[in-house]
Structures are given as C-alpha cells and as structure tokens.
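The values are calculated or read from the model by the stated rules, or taken from the named source; none is laboratory data. Computed from a predicted model, the values in this text were never measured in an experiment. Glycine gets a Cβ as well: all are built from the backbone with ideal geometry, and neighbour counts include every protein chain shown.
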Amino acid sequence: MHGPQIARTQADLCNSLSHVLRSLCLLCLGLIVAFTAYADEPEGWAVNSYGLSYHFERSRAHEIDSDNEFNPGIGARKGLWKSGPHRLYAEAGLYFDSGRRWAKTADVTYQYELVRNFRAGAGLFFFHTRTYNGGDPVLAPLPVLSYDFGPVELNMAYAPKWRELNEINTLGFWLSWKIR
C-alpha cells in the first residue's frame, strides 16, 4: 500500500470505530429506557449554568485560540428515568466556548450513584460550534461525574483529545440547579 491508501484505510478504521462506539452507546441507552417499567419516579427539571473549563495542553490551547476557561451559558435538564442508584436524563443548552464562540449542546446521560451523592456515568453529547471539528456538528460519548449538594449538583465532563475533532484534553464544569 502507498501513503494515500494507508491514510484512507486508517481514516476508514477510525470512522468505523467511532460508528461502533456510538452504536453501543445508543444500544445501552435503549436498554436502559426499556427497563423503565421497573423505574421510580424520574427526577424533575433543573436549570444548568455552564461556567468553567480546564485545558490540559495549555500552550496548544493558546496556539489554536481555544484557551478561554470562563464559559458562561444556560441550559435545562430533565430527568427521564430513575431506578435505585441508576438515572437517565437529557440536557440542552448554549454556552460561550473555549474559542470564544457560542456553542449549542445537548446530551442524554446515564449515571450510577457510586456512593451517597456521588455519581459517575457517560453521556452521548451533541455539540455544534465553529471552534471544534471545522464547524461541523459532533456526536461523542463522554464520561460525566456529578456530586449532589441537595438543591444543586456540580457536574464535570471529560472531552479527550481526538484528532481534529478536539485538539486538547478538556474538563468542562457546570451546575444544575434543581427546580422542586
């Protein structure tokens, strides 16, 4: 094989792997939703206030003008399903991203309560901003941690460095204010 053929094969492999990961996430979410017959009352609504990010490769973030770590924005969360320590919710919102542009986000996230008030899980996130992926929309599975303080939850998602989709490892932080 020559250089262009190898690059094409690698790109096809990455696209296939990405498709398989997304399909597995959707399958897992579908299975969770299928078990809603045994569910408790889902959590209600919350208002998300987006706010901070941290970039691991700080010099690279500065080079590509994606070093803004104050990311104000607003969104909403709705509980979809809850059963014991398991929960599923959906979110959507707008925030000022690390490249100083407005970004749209939406996700469906599953979490498991590991210990009292501390949850870990994964979400299937949709992002659309000119800062990432050449301005094209992105659909990506991301790990999410949350700590429940009662009226408010602190949330953190990790967006790994992944080719041209995301050039720097990033942590994103937001608060979810529960509406009773």
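Key figures for this structure:
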{"item": "Cβ pairs under 9 Å, 6+ apart, first in the stretch 38-62 and without any contact (Cβ under 8 Å) to a residue 40 or more places away in the chain, second surrounded by 15 or more Cβ atoms within 10 Å (Cβ to Cβ) and hydrophobic (A, V, I, L, M, F, W, C)", "result": "ARG58/ILE168"}
{"item": "Condition broken by THR129, with the remaining ones in (1) out of contact with any helix residue (DSSP H, G or I) (no Cβ under 9 Å at 6 or more places or on another chain); (2) free of Cβ contacts under 8 Å to residues at least 60 places away in the same chain satisfied", "result": "(1)"}
{"item": "Per-region count, the stretch 150-177, residues on the phi > 0 side of the Ramachandran plot and either among the hydrophobic types (A, V, I, L, M, F, W, C) or touching a residue at least 60 places away in the same chain (Cβ under 8 Å) (or both)", "result": "1"}
{"item": "Qualifying residue in the stretch 55-69 (condition: touching a Leu at 6+ places or on another chain (Cβ under 7 Å) and at pLDDT below 95)", "result": "yes"}
{"item": "Sole exception among (1) over 22 Å from ARG22 (Cα atoms); (2) of a type outside the set (A, V, I, L, M, F, W, C); (3) loosely packed, with under 15 Cβ neighbours inside 10 Å for GLY75, by number", "result": "(3)"}
{"item": "Subset of the stretch 79-108 [surrounded by 14 or more Cβ atoms within 10 Å (Cβ to Cβ), more than 19 Å from THR131 (Cα to Cα) and in contact (Cβ under 8 Å) with a residue 24 or more places away in the chain]", "result": "GLY79, LEU80, TRP81, LYS82, SER83, HIS86, ARG87, LEU88, TYR89, GLU91, VAL108"}
